[in-house]
Amino acid sequence: MTGPDPRTPSAGSRARPRPPRRLAGLAALAGIAAALAGLGAAELAAALFAPAGSPVLAVGALVIDLVPGWVKELVIALFGTNDKTVLIVVIALGAAVLAAAAGVLELVRPPLGRVLTVAAGGLAVFAVLSRSSASTLDALPAVVAMVVAAVLLTVLITRLRAETAPAPAHTAPGTAPGGTDVDRRRFLAYTGASAAVGAVALVIGQVVSAGTRAADAARARFTLPAPAVTAPEIPQAASVAVDGISPLITANADFYRIDTALQVPRIDPSTWTLKITGMVDNEVELSFADLLALPLEESTTTLMCVSNPVGGDLIGNATWLGYPIRNLLARAVPTAGADMVLSRSQDGWTASTPLEVLTDENRNAILAVGMNGVPLPLEHGYPVRMVVPGLYGYVSATKWVVELTVTRFDQHTAYWTDRGWSERGPVKVSSRIDVPRSGARTGAGTVTVAGVAWAQHTGIRAVHVQVDGGAWEEATLAAAISADTWRQWTWSWPATAGTHTLRVRATDAAGLVQTEARQDVIPDGATGLDEVTVTIA
Ligand SMILES: Nc1nc2c(c(=O)[nH]1)N[C@H]1C(S)=C(S)[C@@H](COP(=O)(O)O)O[C@H]1N2
Ligand SMILES: [Mo]
């Protein structure tokens, strides 16, 4: 021994021996490895589940918001368009310094290292959630980073501290003083493994999110081609001016979203193709450019979910831009006996649509690329989805569609069919009261009752309203856009004091009256009448 044994507590020192200085460098290394593992896990989680949740990017955004203008200008002057890279490098260096400090603190003053780690994680959570578009899920990656880093830090520093434990009485020749070679090797192995796993996760996360960014950027650059056939003009008289009624055209941001995708598929349109295969004479393959070069048609179609309960809001109406699927099927030439098209999305979801619906001259089944004048939003199927008037979404409206297999109902089943839903899903005639809202209180006098009614592809002939189980009164229908869209209606109610229940009932253009028999959404759509209870003062 050359110097005083650092493990020997000096007089007056506390029970915990002071770790030797030479371990500080290793502790710093452990801190950095733990942080790297945490960040790697976080970037991977962000890429997979919460594209807006990257802690590094969120902290970057926070820094951009907080630094004074002159700093930004200086950085841009010095680094030009590399300013973002510089920012990331600065954040990475800052994180490394913090992580090293956490390692050393955890060694000499536990649990201060963990406290620092949790504080840094908290800052990242704050940075993520302070962005205007953030959802709670976006905080997940930062929390993952915090937990992984704190746990690893504890494990690694505990290993390291084993080295400061009193040496066994008989140390083998060549062992380091304090602890053993085995301890040291274990510590280095754990530290190296943490850092390596973190680095690999980081790289995978980056690769995955690069695909995401490519899809976002491509969508941002993409301008829809002009329609060869524009949608029939929507008559002014199709919209009634009643406060609280659902708008005739649903804004994309308000359009309901239903799918099984935990993360929205992000497809780079330059790599997108549609294959038409199965029972066809000619297999067809189409690129996005091929599709856009075709004469695209606009059409307004109401889409709804089979899971929409009576009175529910899983329904929306949009003007779509797309190309008739029947023309593509005509190129493929389905063979005799085929009666179904199984459409498949990029993420493996499937829908079974009757072939005769898709080939029908009079039904506007399309491959859509545009929604209300803009490219399909990512969550509504960018770059290409199906829209088929008259069928529930689960048997027709495949988003992110990449393949159409012409087949038979007795040969293939689809995603929801396999889970107890009907193999066919024509939309049922239905109606909804939008105003007054259930539970509303208003004064006596004439109350405007209004809502929407739909029987896609058949059309609405009449809507009736009933008060407290009395006579069915005929409502006034707004003008129709077409048989494929919902229709607004109003009824002037001479309301008297008391609590009343209003019910609505639609009749389709074929004369079918909406049934009041209640049926659950499974297996092929809910039935029954929507009702609201209103108190008149
Ligand atoms: N790829 C894919 N497409 C899908 C689904 C899905 O889960 N995955 N859900 C379908 C269902 S059940 C409905 S109701 C509609 C909803 O379309 P929207 O989210 O654009 O409103 O999409 C259909 N297309
Ligand atoms: Mo659905």
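By the count of other C-beta atoms within 10 Å, a proxy for reagent exposure, SER422, SER431 are ordered fewest to most as SER422, SER431.
Cross-link reach is defined here as a Cα-Cα straight distance under 23 Å, omitting same-chain residues fewer than 8 places apart; for LYS428 the lysines meeting it are LYS399. Just report the Cα centroid separation between segment 331-352 and segment 426-481, whole Å. Answer, in whole Å: 37.
State the antiparallel share, in %, of DSSP beta bridges confined to the chain, rounding to the nearest 5.
90 percent
Per residue, the convex hull spanned by the Cα atoms of the chain amounts to 256 cubic angstrom. Averaged over residues, the count of other Cβ atoms within 10 Å places the peptides 205-216, 292-303 in the sequence 292-303, 205-216, highest first. Counted over segment 430-536, the DSSP beta bridges are approximately 95% antiparallel.
Near CYS305: Cβ cut-off under 13 Å, other residues only, Lys/Arg at +1 and Asp/Glu at -1. The net charge is 0.
Reachable lysines from LYS72, Cα under 19 Å, same-chain residues fewer than 8 places away excluded? In chain and number order, the partners are LYS84. Label positions at ALA228 and PHE126, each projected 7 Å from the Cα along the C-beta direction, are separated by 5.8 nm.
Gain on full extension, evaluated as 0.36 nm per residue between ASP181 and ALA92 minus their Cα-Cα distance, stands at 28.8 nm.
Please list the helices of the chain that count as membrane-span-like by this rule: a mean Kyte-Doolittle hydropathy of at least -1.0 together with Cα atoms stretching 30 Å or more along the helix axis, each helix being a complete DSSP H run.
Values: long enough: 22-49 (41 Å, 1.70); 83-108 (38 Å, 2.05); 140-162 (33 Å, 2.07); 181-221 (59 Å, 0.36).
Within the chain the helices that satisfy the rule are 22-49, 83-108, 140-162, 181-221.
By the count of neighbouring beta-carbon atoms within 10 Å, fewest first, HIS464, HIS412 end up ordered HIS412, HIS464.
Under 11 Å from the Cβ of PRO383, count the other residues' Cβ atoms, weight Lys and Arg +1, Asp and Glu -1, and hand me the total. Within the 11 Å Cβ shell, the charges total +3.
Full extension of the chain segment joining ARG213 with ALA119 gains 30.9 nm, where the gain is 0.36 nm per residue of separation less the Cα-Cα distance.
The order of VAL86, VAL395, VAL401, going from fewest to most other C-beta atoms within 10 Å of their C-beta, is VAL86, VAL401, VAL395. Annotation: extensible slack from GLN236 through ALA162 equals 18.7 nm (criterion: 0.36 nm per residue apart, minus Cα-Cα distance). Candidates ILE249, THR212, LEU404 compared by Cα position along the dipole of the chain: farthest toward the positive end lies THR212, with charges placed on Cβ.
Take every pair of alpha-carbon atoms less than 8 Å apart whose residues are at least six positions apart; their mean separation over the length of segment 236-419 yields a relative contact order of 26 percent. Over the C-alpha atoms of segment 236-419, the Rg to Rh ratio, Rh being the Kirkwood estimate, stands at 0.96.
Each reported figure results from applying straightforward, stated rules to the coordinates on display, with no laboratory input. Small disclaimer: the values here were computed from a predicted structure and weren't measured. Please note: Cβ atoms are built from the backbone with ideal geometry, for glycine as well, and neighbour counts cover all protein chains shown.
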